[in-house]
Structure formats: C-alpha cells, structure tokens
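Some notes on the structure that comes next.
The values are calculated or read from the model by the stated rules, or taken from the named source; none is laboratory data. Worth saying up front: this structure is predicted, and the values here are computed from it rather than measured. Note that each Cβ is placed from the backbone with ideal geometry, even for glycine, and that neighbours are counted across all protein chains shown. All accessible areas refer to the heavy atoms of the entire protein, side chains included, with ligands and DNA or RNA removed. Shrake-Rupley method; radii C 1.70, N 1.55, O 1.52, S 1.80 Å.
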Amino acid sequence: MSQTKAPWTSLRNSRNPQLKPDGKLQHLLTLEGLSRKTLHHILDTAESFLSLNNHDVKKVPLLRGKSIFNIFFENSTRTRTTFEIAANRLSADIVNLNIEASSTSKGETLLDTVDNLAAMHADMFVIRHNQSGTPYLIAEHLNRLRKDDIHIINAGDGQHAHPTQGLLDMYTIRHYKKDFTQLRVAIIGDIMHSRVARSDIHALTTLGVPEVRIIGPQTLLPSGIAQMGAHVYHNMNEGLKDVDVIIMLRLQRERMYGALLPSEAEYFKYYGLTPNKLALAAPDAIVMHPGPINRGVEIASEVADGHQAVILPQVSFGIAVRMAVMAILSGGTA
Amino acid sequence: MSQLLIQNARLVHASHTDITSSDIYIQDGLITGINQAPNNFYATQTIDAKNQLLSFALADLSTRLQEKGGNHRDLSQTVLTAAITGGVAHIAVPPDSRPILDEPNLIRLLTNKTHALNLAKVHPIGALTQGLKGEQLAELATLAENGCIAFGQADIPIKNTQVLQRALAYAASFNLPVWLRAQDANLGNGVIGSGAYASRLGLPSMSVSAETIALHTLFELLHSMGKDAPSVHICRISSARSAELIRTAKKEKLPITCDVNIHHLHLIDTDMGYFNSQFVFNPPLRQSTDRAALRAAVLDGTIDVVVSDHVAVDFDSKQLPVGQSQSGAVGVQWLLNLLVLFAQESRIDVALALAPAVSRAYAVLGLPTPIWQKGSLAHLVLFDDTAHQTLSKKYVGEHHNTPYLDYELPAQVSMTIINGRVSYQKLT
C-alpha cells in the first residue's frame, strides 16, 4: 500500500504543540522530541543560574513583572516549592493554587478554570495533574483562543511526563559524569506508573547514553517499553552490573493492592538498593532519587545517606533547572 | 402513486460493480423493472444518474440515537436524518440509552416515534439483562414481541459467566439472536490499545487479551451448547488475534457472525498523536498489524459487517484529559464514504467494500438479501465515488466528535431512496 498514514493524521498530529514554528520552545510539556542541542541549552542556562546560590542576593530581575501561576490539581509540596523558589529568584510574581478536586466538584470544568486564570493575565502556568496529557489539552485550548503569550510548564501529568524532573536528573548526571556518551544508566522500580522514568528515558537516549537499563518486576514495567530504547532487566543483580548511574524510583504504597506486588518486604529484598547491591555497580556510580524517598522500601538508609548518593544536590539543581526553563520560555535568555 | 425512474446508473452488486449503466423502474416502494419499463409506467420523477453508482442502501448495526455525556438528549431526528444523508436505510440501536432498553414500553415508544419520522428504519437491540447489570435476565421473549431484533449488553460486559451461559440458553429457547461485545470485565479498561505508544503516553490501555479471553469464554459456552446454541453476533472486534480466533470458530461451524467499527479499518493507536480525545474508542485503537488483519478479515468474510458505531458526544465530554473523555465518534453519515476510502486504499471494487454494510449487514438483521431484480425493496443510495467532500464543522453540525473533522473524504451521496421515495437529495 502506497499510503502508510491516513491523510488527516499526518496533518493534524504532526505539529508538536510545545514548539513554535521557528523551533523554539513555546511550552515545556515533554522531553520527547527535544533536540540534544535544546537539552544542553537548558542545562547550560541552569548552570549559569546555579552560581547565584553562592551570592548574597540570590535574585535576578529577568522575569520582573511576570505572573506565574502554580496550578496543582494533584498534591505536591516539593515540586511546587521548587517552582515557587525558582520564580522568586527570577523576580516573577508567583501565585499558588491548590485546586485538586475543589473547582471540579463545584461543577467548573478544567478548561473553565484555565479560562479564569488566563483572564487574570497570567504569563505562565505550571501545571500538575493526575491525568496524562492534561497540559496538552490546556495548551491546545489556549492555542485555540489565540492566547499564545501564555507558556505552560508541565510539572507532572499522570504517568506521561515530568520534564523538569527529567532535566534536573540530566543536570545531575552531567554535573557528576560530564560525558553522557560513555554511560550505563539504570532506572529501577515502578516504571509503569512513573512519569519521571519516561522523561528520563527520552532525555538519556537523546543525550547519547548508549545503555539505558530499566529494572523491575514485570508487573511494574509497561508493555513495549523496550521500544523507547531501554534494556529490560527483572533481576537487579544483573541489571546493576557496572552501571555508572542509578536512578531509584519511589514506590507508592498502593502498589501493594491490585496484585502488582505481594509486600514491601519482598520488594525491598529483590528491588531495594542496599550496599551489597550497590557494590555491583561501577565503584564511582552515583545514586539518584526524585524524592520523597521510602527508606527500607526502595532504598536502604545506608545508601540514601551514603557518599554515592546525590539525592540532595538533585534538589538544589532542580531550582536552577526550573529557573532556566522559566527564563527560556519567557524569552529571557537567548 | 409515485413512479420513479433512475436512468444511466451503474449498479453496485454484492461482489462487483457494473461497467455499463442501467435504468431502474420503481413503483410502490418496489423495483418493478430493470432496463425495461413495466406496463403502464409513467415516471412521476426521472433522475439522470450518469457517472454515478446505485447501491442498495446501507444498514448500520450500531447507531445511538441519544447524546452520550451531557444531558443524554434525544437526537432521533438528527441522527436518522444524518443516516439518510449518508445512504443508510436501517440502523440497529444498542440498548445502553437512558433509560436502558429493557422494557417493552420503551421499545414500542422508540419504534413508534422513529417510524413516524419516516427516515431510516430503527431496529432496537434489547438489553440482555435488566439494566445491563449482568445479573437478572431481561424479558427477552416479550421484548422480542415488541420489536427487539436481538439482545445484547452494548459496551457493558457480563462479569458472571454463569449469567452469560443462562442468557445464551434462554435466548436460544426463543430463537433470539444475541449480540455481544467480547470484553473481559477486569481487563477491559483503557482508552488506547496496549503497546509501545500507550506506554509512551502513559495512558490506561487495554490489552488484546481483554478481547480474546472473552471470545474464548463465549466460544466454549457455544461449543458446550452444541446445536442448542443461539446465533451470536460478536460486535466490534479490534485485534488481529481476535480475527484469527473468529476465523477458526467459523471453520468449526459455531453459529457466529462478527462486525468491526469502520474506524478500526482506518485508524491506529499512534493517530492519537498528542492526546487527541477524538481518537478514543471502545474497543480502543490498536497497532497497524491489527488494522491490516482486520482489513483482511473483512475482505475474506471472517468479519461479516462493518459498522459506524455512531455516538454523538457532547462537546464538554471530549474536552477532558484523554483518560477521562467519553469514547466514540459520530459517523453514520460517512459510513459509505469511509467504506469507499477503504476500497480505494485496498484497491478493490467499491462493491466489495460496501457489501459488509449492505448485503452482509442485511443478513445479520434478518432482512431479505438485496438483489437487483423485480420485486426487491427500493431502499437505494445513489452516489458519486469520484467526488470528495470536506467535513467542515458547519457541515458536520453540533456534534462534531469525529477524528475526520476538516478533512476530505471520498464519495458523495446525491440521493437516498427509502421505500421507493426520495428521502434525501443533495442540493446542487
């Protein structure tokens, strides 16, 4: 058959909604499809902001007068706070909205809420929602309304993407390992429900990491994940061998229900990162975790607090990375 | 008395389209002559159908007359009008309306109301179980007396296999056909077929086994009933593996027929692009290998019928994150166009693509086989298969939940004839 794709789809869906026609970022919705150059540009920008931490005055006036709305339809303290700090350091005005289910329970739809906030002359929305694709729905809605002056940052949507976490993970890896093209990176745990894992895989493969491994029981690995460019391991001892970077994922308690896992104890025994298992990795391997950590469930305290762990530096880098994303989206940097 | 003459039309048969053109004479709702005028025929209307194809009108085995989501408004008039503008003369209505079609009065109300509109004929499918809850049997025999042509569960599976077994046995006692989706109640949740694309988007997905496990269960029940099994029409299969199972079951002479949603012959999971809720169907869109196998199964007769599975979704119910949006698309009015597209892409005669919505659909509905001969009912559609039309919002109307909005589809219906009368004529 000469036609491989129906005509309507090639037109309708080919436009990447986070890119402007000139290829620059309009929104940050996912790391998928971003070029290596773009990723490094964001990381380089973050690096320039990181030095601010050492100054007495940690603020720059890049986004003075801009309004940023943190719209969190799902609970989060850590991510929301880092966005708030990032916005403050750029001198933007930040408004925190914990919407959860409250507005929708009053009968207001998601897009009604967005319309209301857009009417308050927002310049940027930072959005978290428990449904995959929600930031896309909002981006398309704003595009339809010709409100192209509003930028969206996806702060985590369902199981789809958490691009700023992915970027701060890349920042961390680059900081400690310098070169992506010689690395073995293992992502361990609940890949199925993890938007972080998906964003990390996209970024790692784009940045040239030759071997991305994912490790977990089959119940926690989504089907077809190998097609994202990852090698699948069920045995952690095999998967950890000689890796340079270990990214542990948080295991939600509710995974014990619904027959995904039998118990936390068994999970820790086979997939928890202990000093013994860590010894299988390269001697200078770093241990990362998006937080908050469950000690004794996915990671042993000796490892979480050990010298190979870079979990707390990740948090610091996260602020710089979010500053970089905000600055780039608003056109504040080249 | 209306006497209609259609001149110079190329006739669409069950397996081929005539190269030469014919004249068709119609009186009292029947075809009374082909290329030869019957005695005393004085045409009250003559239609020049030069360069057009004339087919028996389509039958769509799944069209809903009510809005889904929102206020569940009754859309009978709109949908039945849409049907005839697309050359569809018969529609089967699934029982999952509000209220659910499980009471004789509701069936009578539906048939009387829609009959009075004098548009496409409505064939109600009654609920197999009360309230579609899968617990108590509905009054199947009484419902059949009141006009139900078959019984089913729409998209709601029966969880309890014993209830399913008894429902099949009870229906068989009265020789009533059962129309069932094949979907395991526990595995059958998701807005996209399981696979790499679903995993990439992080969306709840439905595995192929949700369908095949239900098929195996059904086939084993039918096997165990032997000659006492009812005839079962399996609705909306979506995978290559299901097509293969049905092919085998038919070889084993199980009393089954089967249909597929037209959208599954054209679209696949990746067409959802960046979370486009217009591509959410139940069953969900799957991979290109599934689409290829479904197309092949339609062509070799494993899949008997192609349906539009028309459902008008209110605007707000699609303006939600994909995982929460209402599934389904409108399409009864473009079933013919999408079948012509299928013919063009598969490089087959239009007749072969239309048969699953004409003769093969009539057979499942229990209607006489439409044949070009004197005495056949004059439910006809005249169309130009070389024309195109764009599905603009204005053209589509209020419920524009379709993946094809603003795109061009081949073919254009110029006239639909129901019972020998022109029910729809395209304005020129």
Item to check | When residues of segment B:191-217 are limited to those that are of a type in the set (Gly, Ala, Ser) and touching a Leu at 6+ places or on another chain (Cβ under 7 Å), the one farthest from the other protein chains (Cβ to nearest Cβ) | outcome: B:ALA210
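Quick check: is even one residue across segment B:252-261 touching a Lys or Arg at 6+ places or on another chain (Cβ under 6 Å), within 30 Å of B:PRO403 (Cβ to Cβ) and touching a residue at least 40 places away in the same chain (Cβ under 8 Å)?
Going through segment B:252-261, the residues touching a Lys or Arg at 6+ places or on another chain (Cβ under 6 Å) turn out to be B:261.
Checking which are within 30 Å of B:PRO403 (Cβ to Cβ) leaves us with B:261.
Within this subset, residues satisfying the condition of being touching a residue at least 40 places away in the same chain (Cβ under 8 Å) are B:261.
Yes, segment B:252-261 contains at least one residue that is touching a Lys or Arg at 6+ places or on another chain (Cβ under 6 Å), within 30 Å of B:PRO403 (Cβ to Cβ) and touching a residue at least 40 places away in the same chain (Cβ under 8 Å).
Got a sec? Which of B:LEU427, B:LEU335, B:LEU341, B:LEU391 is without any contact (Cβ under 8 Å) to a residue 60 or more places away in the chain and crowded, with 19+ Cβ neighbours inside 10 Å? Break it down into steps so the answer makes sense when it comes.
Details: B:LEU427 fails: crowded, with 19+ Cβ neighbours inside 10 Å; B:LEU335 fails: without any contact (Cβ under 8 Å) to a residue 60 or more places away in the chain; B:LEU341 fails: without any contact (Cβ under 8 Å) to a residue 60 or more places away in the chain.
B:LEU391 is the lone residue from the list that is without any contact (Cβ under 8 Å) to a residue 60 or more places away in the chain and crowded, with 19+ Cβ neighbours inside 10 Å.
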Checklist entry - Does segment B:14-72 hold any residues that are touching a helix residue (DSSP H, G or I) at 6+ places or on another chain (Cβ under 6 Å) and farther than 30 Å from B:ARG181 by Cα, and which are they? => result B:HIS16, B:THR17
Next on the checklist: Could you check segment B:260-295 and list, in sequence order, the residues that are within 18 Å of the chain's Cα centre (by Cα) and away from chain A (no Cβ under 12 Å)?
Outcome noted: B:VAL260, B:ASN261, B:ILE262, B:HIS264, B:PHE281, B:ASN282, B:PRO283, B:PRO284, B:LEU294
Next on the checklist: Tell me the residue from A:ALA285, A:ALA320 that is within 24 Å of the chain's Cα centre (by Cα) and over 24 Å from A:ILE42 (Cβ atoms), please.
Outcome noted: A:ALA285
Checklist entry - Can you name the residue in segment A:255-276 that is part of a helix (DSSP H, G or I) and touching a helix residue (DSSP H, G or I) at 6+ places or on another chain (Cβ under 6 Å) and is also farthest from A:ASN237 (Cα to Cα) among such residues? => result A:PRO275
Next on the checklist: Which condition from (1) open to solvent by 10 Å² or more (accessible area, probe 1.4 Å); (2) of a type in the set (Gly, Ala, Ser); (3) closer than 17 Å to B:ASP184 by Cα; (4) in contact with a helix residue (DSSP H, G or I) (Cβ under 7 Å, 6 or more places away or on another chain) is the one that B:ALA214 breaks?
Outcome noted: (4)
Checklist entry - Given (1) open to solvent by 10 Å² or more (accessible area, probe 1.4 Å); (2) of a type in the set (Ser, Thr, Tyr); (3) over 25 Å from B:SER359 (Cβ atoms); (4) under 23 Å from the mean Cα position of the chain (by Cα), where does B:THR257 come up short, assuming only one miss? => result (3)
Next on the checklist: Being closer than 25 Å to A:GLN131 by Cβ and open to solvent by 50 Å² or more (accessible area, probe 1.4 Å): is that true of A:ARG64 here?
Outcome noted: no
Item to check | Members of segment B:394-428 that are within 14 Å of chain A (Cβ to nearest Cβ) and under 22 Å from B:PRO370 (Cβ atoms) | outcome: none
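Name every residue in segment A:244-259 that is without any contact (Cβ under 8 Å) to a residue 60 or more places away in the chain and away from chain B (no Cβ under 13 Å), in order of residue number.
Quick first cut of segment A:244-259, residues without any contact (Cβ under 8 Å) to a residue 60 or more places away in the chain only: A:253-254, A:256-259.
Those that are without any contact (Cβ under 8 Å) to a residue 60 or more places away in the chain and away from chain B (no Cβ under 13 Å): A:ARG253, A:GLU254, A:MET256, A:TYR257.
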